[in-house]
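The values are calculated or read from the model by the stated rules, or taken from the named source; none is laboratory data. The model shown is predicted, which means the values in this text are computed figures rather than measured ones. Note that each Cβ is placed from the backbone with ideal geometry, even for glycine, and that neighbours are counted across all protein chains shown. Only protein heavy atoms, including side chains, enter the accessible area calculation; ligands, DNA and RNA are left aside. Shrake-Rupley method; radii C 1.70, N 1.55, O 1.52, S 1.80 Å.
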Amino acid sequence: METKNNLKAWLYLAPMLILMIVFTFYPLINAFVISFYKDYLPLANDGAGSITGYTFANYSVILKNQLFWQSLKNTFVLALVSVPVSILISLFISVALKSIPKLKGFFQTVFFLPYVTNGIAVGMAFAVMFHRDYGLFNLILGWFNISPIDWIGGTASWWAQMGALMIFTIWESLAFKILVFTSGLQNIDKQYYDAAKIDHATKWTIFKRITVPLLSPLILYISITSMIGALKAYNSVIGLFGEKLGGQPYSMITIVAFVYKYRSDFSFQGFYSYAASAAIILFFITLIFSLIQTTVSKKRIHY
């Protein structure tokens, strides 16, 4: 009987396991192997590819590349700032939506629209809004007699570009978080809130002592998935800054954009391996961040 049940379980799991093997595990292992190829040309020998051996030097080349460190800086700043800020904003919006049940469905739809809209298209729309001469953001600044800022143009500073990217990234990432937190709030038993009202607890106390602890599993899930998404930022940067990735070429490059830049250079020996090396480094960075978040959050998660 136990063998039969095990067989059924494997049959149920088989479709997902096959998909994970084909689209997750194989590409990861393949990228790891390619990262050690020496002088790799993927299109040589009628597409079969050619190498001259194996080497660890690809990682050394990447770690000595200033553009890689620039991409690392941009990615870390974007992830470490946008993720916590977007989680806090989405959590407060979700709690606010709970207090207006009649309009909650309408606002949920409004907030969810960015999630189902093409990221590059939205980025291009934001690029217009950040335009120095006729952009919406500078128009608003003009109401307060603040001089126009070159957010994404050729003379834009790194801080201005990062500020524009941060605003866009936070706005774009709110939709999914609001949906998850709103669903989580609906599953919290009302008796906790009723007991708090009897004790005359303030709204802030209720939020801090009841809402946040009971949503902690979702907060952990959102923080890990959001951090992974931020470390893989690409569409938002391309949509906002275009192929040059910044007012000054590549000033806003991210790690994924760095990987794509080298991956596209098929005609240069070793460039594909450099891209694979950078991708593997990104994989381990993401893994380390996820492990840290899980470890730190263990004492604060309530199931």
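Within the stretch 62-79, residues that are over 11 Å from ILE253 (Cβ atoms) sit with their Cβ atoms under 8 Å from residues that are of a type in the set (Gly, Ala, Ser), at 6+ positions apart or across chains, in these pairs: ILE62/SER277; ILE62/ALA278; LEU78/ALA230; LEU78/ALA233; ALA79/ALA230; ALA79/ALA233. Here is the figure for the stretch 53-73: residues that are open to solvent by less than 30 Å² (accessible area, probe 1.4 Å) and of a type in the set (A, V, I, L, M, F, W, C) total 3.
Residue-wise test of (1) of a type in the set (S, T, N, Q); (2) open to solvent by 20 Å² or more (accessible area, probe 1.4 Å); (3) at pLDDT 85 or above.
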position: ASN145; (1), (2), (3): yes, yes, yes
position: PRO148; (1), (2), (3): no, yes, yes
position: THR182; (1), (2), (3): yes, no, yes
position: ASP189; (1), (2), (3): no, yes, no
position: TYR192; (1), (2), (3): no, yes, no
position: LYS208; (1), (2), (3): no, yes, no
position: LEU231; (1), (2), (3): no, no, yes
position: GLU243; (1), (2), (3): no, yes, no
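Of the residues making up the stretch 78-111, those that are within 21 Å of LYS232 (Cα to Cα) and open to solvent by less than 90 Å² (accessible area, probe 1.4 Å) are LEU78, ALA79, VAL81, SER82, VAL83, PRO84, VAL85, SER86, ILE87, SER90. Within the stretch 216-229, being touching a residue at least 24 places away in the same chain (Cβ under 8 Å) and either surrounded by fewer than 17 Cβ atoms within 10 Å (Cβ to Cβ) or within 13 Å of the chain's Cα centre (by Cα) (or both) holds for SER216, PRO217, TYR221, ILE222, SER223, ILE224, SER226, MET227, ILE228, GLY229.
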